[in-house]
Every structure is written in structure tokens, then in C-alpha cells.
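As C-alpha cells, the structure follows; a few thoughts come after it.
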Amino acid sequence: MLIGELAERTGTSERLLRYYEQAGLLRPERLPNGYREYADSDTAAVLRIRALLAAGLPTRVIRQVLPCTTDEAAVRPCPGVLDALRDQLGALDRRAVELDAARAALRDTIAGAEAHKTVAPAPAPAPTRG
């Protein structure tokens, strides 16, 4: 199938499909006219890539994980994959702690501002010339 059909089947833009190829996540064949030709199995691969991206995995980790996935999107144990997934989970956990701290600081800032909220005095009337 050509790139347009794969894009339609997966709800992914052609630009993203080309990016996935550039990142080494997809390997379409090339027709004599230079067009990309995707296998039917690439539909499931694109959906797995999107799911792994949504889980917060960078493409460099997905490139490692993808060959170890099954059609049901389960991950088989492959050398180095579990370590890569654990490393990514640790990075997400650290980021979650940072976001929690930022959220708390923002809440404190809002609460402080609300506690000191005062009504601004009305502007003085302009002097009249008489």
C-alpha cells in the first residue's frame, strides 16, 4: 500500500509516517518510481508506535522496543529492552515529581494573591474647567 492509504488506515499524517521512517521505526520498500510501499503489517506497527509515543517513550527507545512487540502490542523480553523501559519509567517518575512541585508552587502563588486581593480605588474624577 502507498503512504496515503497507510495514513488513512492509521489516522497518522503522511509527514509523521515519513518521520517514523527517518527515525528507523518503519522500513517501507521503494518502488521503481521512488514511492514508498508499505506492507499490511505496517498498519499494526504504526498503531504500536503511536501507543508507545503516547506512553511517553522517545523514538530511540521505541526503535529498541518495536521488534520485541507482538501483534497484540505486548512486549516480549528482549536484551536491553526491559532496562530501557525501566530507565524511561524512572525519567517519567522524576518528571512527575518536578511537575508536582511546580503545581504546588503555582497553587501557593494563587492562594497568596487571593489572600491579598484588594479592590482598587476608583480613579479620581478629572478636574473640570470652568
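The values are calculated or read from the model by the stated rules, or taken from the named source; none is laboratory data. Bear in mind that the values here come from a model prediction, so they are computed numbers and not experimental data. All Cβ positions, glycine included, derive from the backbone under ideal geometry; neighbour counts span all protein chains shown. To get the accessible areas, we keep the full protein, side chains included, count just its heavy atoms, and leave off ligands, DNA and RNA. Shrake-Rupley method; radii C 1.70, N 1.55, O 1.52, S 1.80 Å.
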Going by the conditions given, is ALA54 of a type in the set (A, V, I, L, M, F, W, C) and open to solvent by less than 60 Å² (accessible area, probe 1.4 Å)?
no
Taking first residues from the range 5-24 that are touching a residue at least 24 places away in the same chain (Cβ under 8 Å) and second residues anywhere that are part of a helix (DSSP H, G or I) and basic (Lys, Arg), the pairs with Cβ under 6 Å that are 6 or more apart or on different chains are GLY24/ARG63
Kindly check whether there is at least one residue in the range 87-101 that is free of Cβ contacts under 8 Å to residues at least 12 places away in the same chain and outside any helix (DSSP H, G or I). no
Result of the Cβ filter at 8 Å on the range 61-72, keeping first residues that are over 18 Å from LEU89 (Cβ atoms) and partners that are open to solvent by 20 Å² or more (accessible area, probe 1.4 Å) and modelled with pLDDT of 90 or more, at least 6 apart or interchain, is ASP71/ALA44
Within the range 25-59, the residues that are without any contact (Cβ under 8 Å) to a residue 24 or more places away in the chain and on the phi > 0 side of the Ramachandran plot are GLY34
Every listed condition ((1) out of contact with any Ser or Thr (no Cβ under 9 Å at 6 or more places or on another chain); (2) closer than 30 Å to THR10 by Cβ) holds for LEU52 save (1)
Just checking, does the range 108-124 include any residue being under 23 Å from LEU53 (Cβ atoms), outside any loop (DSSP other than H, G, I, E, B), at pLDDT 90 or above and aliphatic (A, V, I, L, M)? no
How many residues of the range 13-50 are crowded, with 19+ Cβ neighbours inside 10 Å and in a loop (DSSP other than H, G, I, E, B)? The answer is 4
